[in-house]
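Quick notes on the structure that follows.
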Amino acid sequence: QVHLVESGGGLVQAGGSLRLSCAASGSAFSTNALGWYRQAPGKQRELVAAITSGGHTNYTDSMKGRFTISRDNAKNTVYLQMNSLTPEDTAVYYCNAGILTFRGSYYPSDYWGQGTQVTVSS
């Protein structure tokens, strides 16, 4: 089993930046990646980006360019650097353990963090 803990959320002004962290502990077979999802009020949860243990990344097209996912294997932590934030980025951001295929498809598992709130003011 995998335990995921997100942190780094908060209140930021539009145009600002924020870096989220996801600390992973434990282990899970059949997973090779960690992904960031977000869910805004009244909207479905959507994938932001994913990264494998080897550093291969994939982004949802609408996020690419502003958001950057990275990892620190020494700390067993993945990060989501968010730049040029807008109020539309306001959401709860979740970390998930899943599978990122060589074709760039991400398949989430049942392992989710508790989420961290990101609020962007206009």
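Using a 1.4 angstrom probe on the protein heavy atoms only, could you order Asp89, Asp110 from most to least accessible area? Walk me through the numbers before you get to the answer.
On the way: Asp89 0, Asp110 145 Å².
The most accessible residue leads, giving Asp110, Asp89.
Taking only C-alpha pairs under 8 Å that are 6+ residues apart, what is the relative contact order of the chain in percent?
Working: 312 pairs, mean separation 43.7, N = 122.
In percent, rounded to a whole number, it is 36.
Between Asp72 and Phe102, how high is the FRET efficiency from 1/(1 + (r/R0)^6) when r is the Cβ-Cβ distance and R₀ = 22 Å? Nearest 0.05.
Values: r = 23 Å, r/R0 = 1.06.
It comes to 0.40.
Nearest 5 is fine: what % of DSSP beta bridges in the chain come out antiparallel, could you say? The partial results should precede the final answer.
Details: 41 of 46 bridges.
Here the antiparallel bridges make up roughly 90 percent for the chain.
Using a 1.4 angstrom probe with every protein chain in place, what is the largest-first accessible-area order of Glu88, Glu6?
Details: Glu88 145, Glu6 10 Å².
Correct descending sequence by accessible area is Glu88, Glu6.
Which Rg and Dmax, in Å, describe the Cα atoms of the chain?
So, for the chain, Rg and Dmax equal 13.4, 42 Å respectively.
On the protein heavy atoms, probe 1.4 angstrom, tell me the percent of accessible surface of the chain carried by carbon and sulfur.
Values: 3140 of 6560 Å².
Carbon-and-sulfur percentage of accessible area, whole number: 48.
List, in order, the whole-Hz ³J(HN,Hα) value for each residue of region 91-107 obtained from phi through the Karplus relation with A = 6.51, B = -1.76, C = 1.60 and θ = phi - 60°; use x for Gly and Pro.
5, 8, 9, 10, 9, 9, 8, x, 10, 10, 7, 5, 8, x, 8, 10, 10
So what is the accessible area of the chain per residue, in Å², with the probe set to 1.4 Å? Before the final figure, lay out the partial values.
On the way: 6560 Å² over 122 residues.
With the other protein chains kept in place, the chain gives 54 Å² per residue.
Could you give each residue of region 41-51 its phi-based ³J(HN,Hα) in whole Hz, using Karplus coefficients 6.51, -1.76, 1.60 with θ = phi - 60°, and x for Gly or Pro?
x, x, 10, 7, 5, 10, 6, 9, 6, 9, 8
Quote the FRET efficiency, to the nearest 0.05, computed for His3 versus Ser122 with a Förster distance R0 of 30 Å and r equal to the Cβ-Cβ distance. Don't skip to the answer; put the middle values down first.
On the way: r = 35 Å, r/R0 = 1.18.
Computed FRET efficiency for His3 and Ser122: 0.25.
The values are calculated or read from the model by the stated rules, or taken from the named source; none is laboratory data. Bear in mind that the values here come from a model prediction, so they are computed numbers and not experimental data. Every residue, glycine as well, gets a Cβ built from its backbone with ideal geometry; the counts of neighbours run over all protein chains shown. These accessible areas exclude ligands, DNA and RNA; they are computed on the full protein's heavy atoms, side chains included. Shrake-Rupley method; radii C 1.70, N 1.55, O 1.52, S 1.80 Å.
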